1. Efficiency by 1/(1 + (r/R0)^6): what FRET value for D28 and L75, r their Cβ-Cβ distance, R0 = 35 Å, to the nearest 0.05?
2. For M93, M79, what's the fewest-to-most ordering of other Cβ within 10 Å of each Cβ?
3. Points 7 angstrom from Cα along the Cβ direction at E45 and I90: gap in nanometres?
4. Assuming R0 = 22 Å, what is the FRET efficiency of D10 and R56, from their Cβ-Cβ distance, to the nearest 0.05?
5. Quick one: Karplus J couplings for segment 20-25, per residue in order, coefficients 6.51, -1.76, 1.60, θ = phi - 60°, nearest Hz, x for Gly and Pro?
6. Residues with beta-carbon under 12 Å from that of E18, excluding E18: net charge, scoring Lys, Arg +1 and Asp, Glu -1?
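Rule-based calculations on the coordinates, nothing more; no lab input. Note that the coordinates shown come from a computational prediction; the quantities given were computed from them, not determined experimentally. Cβ coordinates were reconstructed from backbone atoms using ideal geometry, including for glycine residues, and neighbour counts include every protein chain displayed.
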Amino acid sequence: MSGIWIRSQDKETLIQTECINFETQWDDAKGYSAYNAITGETVSETEYLLGEYATRERALAVLDEIQDRIYDIELKRFMGKDDEIFITPIYIMPAE
């Protein structure tokens, strides 16, 4: 994979990612996860927060959307339809 461009939830970061991660932090005192985040890592291994979501399920649904976008891009590339890739080369993280 040559990476996918992703614009962060706060709209302040636009990076070409090489690795996308789901992270959750559990709050023992409260008995639930404090945040569910998606981070992206660049070729230089710099990590950026791309978005935070209220639930694990929502964060994983967003990760599924990113996966689907990557699949579409790679499928078009495999089928020799590079001219169609420009349609949606950037994924914008949803607010919620």
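1. Given R0 = 35 Å and the Cβ-Cβ separation, E is 0.20.
2. By the 10 Å Cβ count, ascending, the order reads M79, M93.
3. 2.9 nm
4. 0.60
5. With the stated coefficients, segment 20-25 comes to 10, 10, 9, 10, 9, 10 Hz.
6. Working: positive: none; negative: E41, E45, E47.
Charge balance near E18 sits at -3.
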